[in-house]
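For reference, the structure is listed below as structure tokens.
The values are calculated or read from the model by the stated rules, or taken from the named source; none is laboratory data. Bear in mind that the values here come from a model prediction, so they are computed numbers and not experimental data. Cβ sites come from the backbone with ideal geometry, for glycine too, and all protein chains shown count toward neighbours.
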Amino acid sequence: MKSHKFLFREILGREEISEDMKRTVTPSFYCKPDHEIEENRVFDYKIIEPELSPMRRTLNGKSDSLILLFHGLNERNWDKYYPWAEYIAEKTRKPVLLFPIAFHINRAPDEWSAPRVMQPFISLENRDYIKNDHLTFLNYALSKRIQADPYRFYLAGRESVYNVCQLMNQIQKGRHPMIDARASVDIFAYSIGAMLAQVLLFANPGYYFTDSKLFMFCGGSVFNEMNGDSRMIMDGESFRTMIKYYTENFIYFKDEKRLKGDQLEHAFICHIDKSLYRSQREYFYNENAQRIRVLSLKKDTVIPTSGIKSALGVEQLQCLEELDFPFNYSHEVPFPEVGPKVSATERRYWFERVFSEVSDFLG
């Protein structure tokens, strides 16, 4: 596959987000405040171009279509997603754009994922407090940032929405070097990236996503039925802090100095608890059932199928399919490495089973 790298410099919503960041509590392990982390504002995103099956082009040589790929929570690189993007690109003949969520992948300081830097903080905590088995060098940065101020979870999502809208505006004005102004734009979203996609479709800022199709894999649950307590995502204490904040403070406007009261915020609140604006949310999924598909995994404890059903509503269950692979998998690692317990044949079969369905729907 051909891989193209493009520079993104944050403009849309920058002032608003920066002012909100100045009011967030800085975690003790990292002294630089969020609004001064330059990697988050100026970064690269990648486009995977199909090579074996040449992509469809307009007369100006640009692609007539695009698939956005949104990743999961606490990801530090694209390694897991390259095979996914390459398969989708080849089968659909559409370029796949891997867009990093705020403070993830290459939008975060390198030291946040460095064992040498993070491990001493964990050792210090384990000395002074009861040992937390789910606190690891992989999730320490996110865990402590959420504990310091859980509002930054929503703020990062809001910033990411602005970023995607800036990208869409660039495309529709004909200023993208690779994507045509009239290109169709669809979304493949995994894990928490699915919530970002749900907010984009539900709020439809700038009417950018009126006709977009969305395929969610291991994602799509209401927020309070997720379980982010994981050695690869965040520790249990941090996740409980976050859930408590959004189900008690955020939705009841107790933190009113931070709330905007706009459509983006409303779209997020609609997906916090199944009881919140239930009829409006289920009406949306019913009206748009033909352009949304979801694949869940039976043993997924982070984004369980039950939480996805709560979001979609019983009328939209035809959009949802639950699979159960015949090998040991998890939400974080749906396709584990081939070994004594995972045969290459089985792994390849189920990988293609998932992504052929993704490609057929988005193709």
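Given the condition part of a loop (DSSP other than H, G, I, E, B) and either among the polar types (S, T, N, Q) or more than 26 Å from TYR245 (Cα to Cα) (or both), answer yes or no: does some residue in segment 118-135 qualify?
yes
Checked against (1) touching a Phe, Trp or Tyr at 6+ places or on another chain (Cβ under 9 Å); (2) part of a loop (DSSP other than H, G, I, E, B); (3) at pLDDT 95 or above, SER275 meets all criteria but (1).
Selection of segment 22-57 for residues being in a helix (DSSP H, G or I), within 20 Å of the chain's Cα centre (by Cα) and of a type outside the set (Asp, Glu) yields only ASN40.
Being surrounded by fewer than 21 Cβ atoms within 10 Å (Cβ to Cβ) and either farther than 18 Å from LEU201 by Cα or in contact (Cβ under 8 Å) with a residue 60 or more places away in the chain (or both) is true for just one of ARG291, ARG278. Which residue is that? First the steps, then the outcome.
On the way: ARG278 fails: either farther than 18 Å from LEU201 by Cα or in contact (Cβ under 8 Å) with a residue 60 or more places away in the chain (or both).
Checking each option against the conditions leaves just ARG291.
On the stretch given as segment 242-253, residues that are assigned to a helix (DSSP H, G or I) and touching a Leu at 6+ places or on another chain (Cβ under 8 Å) total 1. From the list ARG258, ARG231, the one residue that fits, being more than 20 Å from the chain's Cα centre (by Cα) and not in a helix (DSSP H, G or I), is ARG258. State whether the residues of segment 176-189 include one that is closer than 25 Å to LEU312 by Cβ, of a type in the set (S, T, N, Q), over 18 Å from the mean Cα position of the chain (by Cα) and in a helix (DSSP H, G or I). Among the residues of segment 176-189, not one is closer than 25 Å to LEU312 by Cβ, of a type in the set (S, T, N, Q), over 18 Å from the mean Cα position of the chain (by Cα) and in a helix (DSSP H, G or I), which makes the answer no. In this structure, GLY339 qualifies as exposed (fewer than 13 other Cβ atoms within 10 Å of the Cβ) and of a type in the set (Gly, Ala, Ser).
Residue pairs whose Cβ atoms lie under 8 Å apart, sitting 6 or more positions apart in sequence or on different chains, and linking a residue in segment 159-188 that is among the hydroxyl-bearing types (Ser, Thr, Tyr) to a partner that is assigned to a strand (DSSP E or B), are SER184/ASP64; SER184/SER65; SER184/LEU66.
Of the residues ILE233, ILE243, which is at pLDDT 95 or above, of a type in the set (A, V, I, L, M) and farther than 20 Å from SER310 by Cα? Let's see the steps before the verdict.
On the way: ILE243 fails: farther than 20 Å from SER310 by Cα.
Only one candidate qualifies: ILE233.
Residue by residue through segment 2-11, note down the ones that are in a loop (DSSP other than H, G, I, E, B) and surrounded by fewer than 18 Cβ atoms within 10 Å (Cβ to Cβ).
Of all residues in segment 2-11, those in a loop (DSSP other than H, G, I, E, B) come to 10-11.
Passing the criteria: only ILE11.
Of all the residues that make up segment 48-74, how many are touching a helix residue (DSSP H, G or I) at 6+ places or on another chain (Cβ under 9 Å) and of a type outside the set (Phe, Trp, Tyr)? Lay out the reasoning, then the answer.
Taking segment 48-74 as the starting set, the residues that turn out to be touching a helix residue (DSSP H, G or I) at 6+ places or on another chain (Cβ under 9 Å) are 48-53, 55, 65-74.
Remaining after also requiring of a type outside the set (Phe, Trp, Tyr): 48-53, 55, 65-69, 71-74.
Total satisfying the criteria: 16.
When LEU196 is tested against (1) touching a residue at least 40 places away in the same chain (Cβ under 8 Å); (2) surrounded by fewer than 20 Cβ atoms within 10 Å (Cβ to Cβ); (3) within 22 Å of ASN288 (Cα to Cα), exactly one condition is not met: (2).
For segment 278-316, give me the residue count where each residue is assigned to a helix (DSSP H, G or I) and farther than 29 Å from MET232 by Cα. Adding up the residues that qualify gives 16. Restricting attention to segment 75-96, and to residues there that are in contact with a helix residue (DSSP H, G or I) (Cβ under 8 Å, 6 or more places away or on another chain) and aliphatic (A, V, I, L, M), which single residue is surrounded by the most Cβ atoms within 10 Å (Cβ to Cβ)? Selected residue: VAL96. Considering GLU322, GLU332, GLU337, the condition of being charged (D, E, K, R), under 18 Å from MET226 (Cβ atoms), free of Cβ contacts under 8 Å to residues at least 60 places away in the same chain and not in a helix (DSSP H, G or I) is satisfied by GLU322 alone. Looking at segment 203-214, is at least one residue buried (at least 18 other Cβ atoms within 10 Å of the Cβ), of a type in the set (Lys, Arg) and touching a residue at least 40 places away in the same chain (Cβ under 8 Å)? Yes: one or more hits. All conditions but one from (1) in a helix (DSSP H, G or I); (2) without any contact (Cβ under 8 Å) to a residue 60 or more places away in the chain apply to PHE239; the one that does not is (2). Scanning segment 325-342 for residues that are among the small types (Gly, Ala, Ser) and modelled with pLDDT under 95 yields a total of 1.
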